[in-house]
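Engineer: Please read through the structure below; I'll follow up with questions.
Read the figures in this text as sums done on the coordinates, not as results from a lab. Small disclaimer: the values here were computed from a predicted structure and weren't measured. Using ideal geometry, Cβ is built from the backbone for each residue, glycine included, and neighbour counts are taken over all protein chains shown.
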């Protein structure tokens, strides 16, 4: 092999070798189309975000029936689903963060007016409209694509009634215990405020049983 030979261009997401008509892109056509489809499936009156509203009642979806026999009245909504639907939750929050990022580059416009559903719709339409620009010009397109896939999976799991991924306790070097899943996009340590990315937080050592129970 010639040491001066340039490495074969590859998709930053899959990472398959790019075809001649894909050279100059950060992702292959197949991965780009998947990101576009996942964005499309999140928005609209029949999209995954709207369907989350049908899973708010205790006992709906994969949360199982409300626990009986307690002296206290059950929580009237499933908090895990409600968290997904909040303005700063794992769906709308990251979507608008990317819109804000692209807005800084003159390629989008953030709109925080209207209902949460309208904001999701706007964010999705804005990101889809600028997708071809991003795949050829934004060096963090792989991070964007993986985050969209994570958002889509989190919503799909609750809409389909699947069990959410099991949380595993890991230990930050400062001693704080964080609970993460394989789908965790990242986490901020509450002890030392260190921000971990997806790969970084999964590399933290598993917490000892005594520390995890604390």
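Engineer: Calculate, for residue 143 and residue 46, the FRET efficiency according to 1/(1 + (r/R0)^6) with r their C-beta to C-beta distance and R0 22 Å; round to the nearest 0.05.
Structural biologist: 0.20
Engineer: Pulled fully out, how much extra length does the chain show between residue 153 and residue 168, if you take 0.36 nm times their separation in residues and subtract their Cα-Cα distance?
Structural biologist: 3.6 nm
Engineer: Moving to a separate point now. Distance in nm between label sites at residue 33 and residue 195, each 7 Å beyond Cα in the beta-carbon direction?
Structural biologist: 3.5
Engineer: Using the eigenvalues of the Cα gyration tensor, what equivalent ellipsoid semi-axes result for the range 83-126 when each is taken as the square root of five times the eigenvalue, whole Å, largest first?
Structural biologist: The equivalent ellipsoid of the range 83-126 has semi-axes of 18, 11, 7 Å.
Engineer: Using a Förster radius of 41 Å, what is the FRET efficiency between residue 17 and residue 181 based on their Cβ-Cβ separation? Nearest 0.05, please.
Structural biologist: 0.85
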